[in-house]
């Protein structure tokens, strides 16, 4: 029986296809073929728009008809912004594609990502976004449910409260290096230098060696690859929805791209094995993992796969938080002054700034919380799939196979969730009787009653449930210590003064593209050293 290798169908039973392949297709046959194809396409559009099980949910009609608008938005870095606009127009539950819904409800966090117990299966990760490492193993972030729980049990020792105490020295070491460099250079692009310190810390904690980004003043090639990898992952996810197109595009992917990926992974494997071979008791991630992995609960291949995840999750998000916080404070100098006053009046010496003491700075903690709300480091949704047989979200039943998620930026900026939702107001996180609870600068007017109905529970920068960020305590500690020490040592301002500030107001943080994470633009800051008595 004759088969088309390209289409994989029996052409004997499809005369039009047979004629097309043999070159004997007449004009009338061609017209009929085109008509059939168009009828199928428009029939599918009609079904998706009016007959699909999700057809009752609001959203743009073009997005409901076809996955194409979603794929284009994702591949061009606009998906976060489009989701924000769609939610603002249509409400808390919107249709982002024929089989995908987006939620910005507090309960949705727990229903989609939480552990709901008996009668509820896990909402698995969307396969379009996850793949095993080149060695075939799954990292902790992408591993199936049982494998994830097994890995997390071992890795959790590296992020315990006891581990945090011993790891603080790494944060101070590299923060001190950044401070010394800032004293010398005066003006820095903090987008890069925050990344340098973040990657050096996490590299040392993971591989037992830093990437020497601070020392050399540039990104290590291994680190630079991670940024291009994120964009490539979004492009790949956008075409995964179209298998025929994806198979065709694979033919045009340069071999160098595959070679680069393998080089990157092999480098990680080499560093992992070198660190594991070191006989040392330094309190890094690997020491806690090996100490508690006596029965080889986590395989060496899984450790290899997870190492890169630890670097990306622990570095890029930290750098993003520090950069966005700095920008938000520079755009509101009165709030920057308020924070600086709190830090410098709370300590007699810089050595008093520790992981423990910074937790006692209420305005600093409010700034961190408001920054997580206003400019979340992971702005988009982490897609999940409703399990077979369907399940409920926010009290309503949804069919199995439906793609679902909670996008952080649209959730955090939704007007029904927060008063003055598009304003950076750390004071909303303070008690109304706090001496720091008062408007500053360009703040809209507010009083004790303004924020009482704010839905603080929707702000989940580390997600929720069994797959929530395992390193959230470490991340919070790093942010607090680094910001406090840098603001203890320096006054911040835009190099171009008020004129530059006004220009940056026209280019807010949220105007940047996103490929899973933010594509950050430069942020030059003038750092003036401060003398203390």
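Read-outs: derived from the displayed coordinates by stated rules, not from any lab. These numbers come from a predicted model, not from an experiment. Because the Cβ atoms are built from the backbone with ideal geometry, glycine has one as well, and the counts that use them run over all protein chains shown.
Placing R0 at 41 angstrom, the Cβ-Cβ distance between residue 416 and residue 281 gives a FRET efficiency of 0.20 after rounding to 0.05. Angle, helix 333-346 long axis vs. longest principal axis of the chain, Cα atoms, 0 to 90°, nearest 10? For helix 333-346, the angle is close to 50 degrees.
Over the chain, what is the relative contact order in whole percent, taking alpha-carbon pairs under 8 Å and six or more residues apart? Mind dumping the intermediate values first?
On the way: 725 pairs, mean separation 118.8, N = 533.
Relative contact order for the chain comes out at 22 percent.
With a simple spin-label model that places each label point 7 Å from the Cα along the Cα-to-Cβ direction, the separation between residue 260 and residue 507 comes to 2.4 nm. Looking at region 94-169, what % of the alpha carbon pairs are farther apart than 22 Å? That fraction is 47 percent. Between the helical axis of 190-207 and the longest alpha-carbon principal axis of the chain there is an angle of about 80 degrees.
Rounded to the nearest 10 degrees, the angle from helix 145-155 to the longest Cα principal axis of the chain is 20 degrees. Within region 386-533, the percentage of alpha carbon pairs spaced more than 25 angstrom apart rounds to 53%.
Just round it to a whole percent: the fraction of Cα-Cα distances in region 452-533 exceeding 19 Å. Cα-Cα pairs of region 452-533 separated by over 19 Å account for 65 percent.
Where in region 257-300 does the label zone of residue 162 land, with the point 7 angstrom along Cα→C-beta and an amide N cut-off under 20 Å? Within reach of a label on residue 162, which here means backbone N under 20 Å from a point 7 Å along Cα→Cβ, region 257-300 contributes 280-298. Largest first, the three principal axis extents of the alpha carbons in the chain are 91, 59, 51 Å in whole numbers.
Between residue 433 and residue 301, residue separation times 0.36 nm minus the direct Cα-Cα distance comes to 42.2 nm. Could you give log10 I(q)/I(0) at q = 0.14, 0.26 Å⁻¹ for region 276-327, computed by the Debye formula over C-alpha point scatterers of equal weight, without solvent? Listed by q, the Debye log ratios stand at -0.50, -1.04. Put a dot 7 Å past the Cα of residue 72, heading toward its Cβ, do the same for residue 440, and the two dots end up 4.4 nm apart.
When only Cα pairs under 8 Å and 6 or more residues apart are kept, what is the percent relative contact order across region 283-395? Could the numbers behind the result be given before it?
Details: 27 pairs, mean separation 32.1, N = 113.
RCO, region 283-395: 28 percent.
Between region 276-345 and region 97-155, what's the alpha-carbon centroid distance in Å? Here the two parts' Cα centres lie 22 Å apart.
If r is the Cβ-Cβ distance from residue 448 to residue 345 and R0 is 30 Å, what FRET efficiency results, to the nearest 0.05? Result of the calculation: an efficiency of 0.75.
One Cα centroid belongs to region 201-266, the other to region 443-466; the line between them spans 36 Å.
By how many nm would the segment from residue 42 to residue 177 lengthen if fully extended, with 0.36 nm per residue of separation less the alpha-carbon distance? If you can, show how the numbers build up before the last one.
Values: separation 135, 0.36 × 135 = 48.60 nm, distance 6.13 nm.
In short, 42.5 nm is gained.
Pull out the extension gain between residue 61 and residue 247, defined as 0.36 nm times the separation in residues minus the alpha carbon to alpha carbon distance; nm, one decimal. Don't skip to the end; give the middle numbers.
Values: separation 186, 0.36 × 186 = 66.96 nm, distance 2.84 nm.
The residue 61-residue 247 span can extend by a further 64.1 nm.
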